[in-house]
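Visitor: Here you go, one structure.
The values are calculated or read from the model by the stated rules, or taken from the named source; none is laboratory data. Fair warning: this is a prediction, and the values are worked out from it, not measured in the lab. Please note: Cβ atoms are built from the backbone with ideal geometry, for glycine as well, and neighbour counts cover all protein chains shown. The accessibility values were calculated without ligands, DNA or RNA, using every heavy atom of the protein model including side chains. Shrake-Rupley method; radii C 1.70, N 1.55, O 1.52, S 1.80 Å.
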Amino acid sequence: MGMQKILPDMPALKATYLTGRVMTLPVNITVSVSYKCNSRCKTCNVWLLPNDDLALPEWDRVFQSLGDAPYWFTFSGGEPTWRDDLPEMVESAYRHCKPGIINIPTNGILERVIPGRIERVLQAAPKSEVIINLSLDAVGDKHDEIRGVPNNWNRAMSTYRQLKELQRKYSNLTLGIHTVISSYSVDSFPELCDYVQRELQPDSFITEIAEERVELDTVGLGITPTAEMYTVAIDTLLESLRDKKLTGVAAVTQAFRREYYELVKRTLREHRQIIPCMAGVASAQIAPNGDVWTCCIRAESMGNLRDHDYDFAAVWKSAKADELRRSIKAGECYCPLANAAYSNMLLHGPTVMKVAGQVGKSRALSLLGRDERRARQAVNAR
C-alpha cells in the first residue's frame, strides 16, 4: 500500500483537511490520458465525450510542476493504451515525480499493441511498481455483451497471456484483474470470481461498484446494483479469499481491500461518507483537457492547467478548489470511489489500526501513533 512512503506526508495532508489551508500537493493522482475508447460498455459513455487532449509536452510541464509529491499515479481513459505515446507520458511522470506505484487499467482489446506498449512503460519506470489491471466484467459472451465489442473476451485473454510472459522479464510488473460490478453483471459475478481465481490466478483481483458519474456521462442510467445485490456478490469474493495465507505487503493490501468492500456496503446502505473523504486533499484527477478535479464522481473543475501555465499548485490553491474542499468536508457528497477510498483509509486512524490489528503489525500501530502526533502539532502550529 506504500504506507511507509506516504507517512512523511500524512501530517501535512491531515492538517490541510482540518484547517482548509493547503500545505502540500496530493499523493494520489489519476491522469485521464484521453476519452477515446474502443469499448462500448453499457456502464460507460466516455467514448461519446469530446476530445481535447493535452499533448505530451503539456503533460511534461504538468508533471514537472507536481514534483515528487505524488506517490501513486493512475493513467486511465478511455482506453489508455490506445494513446501511442503512453510510455513517453509515463517516462515523464517517472522522471519528474518518481512515483512508487503506476497503475494502468486496460480492456485488453488491442492484443497486438498492448504488450509492447506496456513493456516500454516497464522500461521507462524501472523502480516503480507497475500494476496493469485487465478489466473483466463477466465470462465469455456475457463479458462481450456488457462491453459492447464482439470477441473482446478472447482478445483480453490473449493480452493477459502475453502480459504473464512479460512478468518473466520484469520483476516490477504486477498483473491484476479489475471488475466493475454493475446491475448487468452482479448476478454472474460468482462465475467470474471462480474463473479468475481458478484459471487466471492474477497477482490481485479487485472490484469496483458501477457508479453514475458525470465524467462517464452515466447519470440516470441505473447501472448501480442495490446494496443487497452488491453484498451478496462481494461476499462471494471475500469467501474465496478467506483461506489464502498471505504475509507482508500482500496481507496488508488484502486487509485494506476487505475494509474497502465493507465501506462500499455501508455507503450504499447509509447514503453518507462513512469515513472522512480526502478527495481534493490527498487525491485528485486531471481530465484529458487539463481540468483538475477533486474526483471523477463530481467532476467539477478547480481550474484548467492550460489557463495557469501548467502549474498544478496554482490550480490546487485556487478559490474554487477551497470551495470544493469545504463542500466535501461538510459531507455534501458521498460515494464508494475506489481510488479515493484507499487514500481516505490510509489517512483514517481507526481504519489503519483495524488493518494493523488484522495483520498483526505492531510497528504499523506505533508509526500511526507518531503520525497522529505530528498532524496535531502541524495544526496547532498554524
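Visitor: Which numbered condition in (1) modelled with pLDDT of 95 or more; (2) among the β-branched types (Val, Ile, Thr); (3) open to solvent by less than 10 Å² (accessible area, probe 1.4 Å) is the only one that Val149 fails?
Guide: Failing condition for Val149: (3).
Visitor: Can you say whether Leu25 is over 19 Å from the mean Cα position of the chain (by Cα), buried (at least 21 other Cβ atoms within 10 Å of the Cβ) and in a loop (DSSP other than H, G, I, E, B), as far as the supplied structure shows?
Guide: No: the conditions fail for Leu25.
Visitor: Among the residues of the stretch 201-208, is any more than 24 Å from Ala299 (Cβ to Cβ), under 21 Å from the mean Cα position of the chain (by Cα) and among the aromatic types (Phe, Trp, Tyr)?
Guide: Within the stretch 201-208 (the criterion being more than 24 Å from Ala299 (Cβ to Cβ), under 21 Å from the mean Cα position of the chain (by Cα) and among the aromatic types (Phe, Trp, Tyr)), the answer is yes, since at least one residue qualifies.
Visitor: For the stretch 227-250, indicate whether the set of residues that are open to solvent by less than 10 Å² (accessible area, probe 1.4 Å), closer than 22 Å to Lys354 by Cα and in contact (Cβ under 8 Å) with a residue 24 or more places away in the chain is non-empty.
Guide: Looking for residues that are open to solvent by less than 10 Å² (accessible area, probe 1.4 Å), closer than 22 Å to Lys354 by Cα and in contact (Cβ under 8 Å) with a residue 24 or more places away in the chain, one finds at least one in the stretch 227-250, hence yes.
Visitor: Test Ile118 against the stated conditions and say whether it is touching a helix residue (DSSP H, G or I) at 6+ places or on another chain (Cβ under 9 Å), aliphatic (A, V, I, L, M) and either under 25 Å from Thr43 (Cα atoms) or at pLDDT below 95 (or both).
Guide: Working: touching a helix residue (DSSP H, G or I) at 6+ places or on another chain (Cβ under 9 Å): yes; aliphatic (A, V, I, L, M): yes; either under 25 Å from Thr43 (Cα atoms) or at pLDDT below 95 (or both): no.
No; evaluated as a whole, the condition is false for this residue.
Visitor: List every residue pair whose Cβ atoms lie under 8 Å apart, where the two residues are 6 or more positions apart in sequence or sit on different chains, the first residue falls within the stretch 342-369 and is under 21 Å from Ile206 (Cβ atoms), and the second residue, located anywhere, is acidic (Asp, Glu) and modelled with pLDDT of 85 or more.
Guide: Correct list of pairs: Met345/Glu259; Thr351/Glu259; Lys354/Glu259; Val355/Glu259.
Visitor: Still on this structure: Can you tell which of Leu163, Leu175 is part of a helix (DSSP H, G or I), under 18 Å from Ile104 (Cα atoms) and under 22 Å from the mean Cα position of the chain (by Cα)?
Guide: Only one candidate passes the filter, namely Leu163.
Visitor: How do the helices (runs of 4 or more DSSP H) wholly within the stretch 43-137 filter down when requiring 2 or more residues that are within 22 Å of Asp311 (Cα to Cα) and free of Cβ contacts under 8 Å to residues at least 40 places away in the same chain: which remain? Can you show your working first?
Guide: Numbers: elements: 56-66, 86-97, 114-124.
Once the helices (runs of 4 or more DSSP H) in the stretch 43-137 are filtered for at least 2 residues that are within 22 Å of Asp311 (Cα to Cα) and free of Cβ contacts under 8 Å to residues at least 40 places away in the same chain, what remains is 56-66, 86-97.
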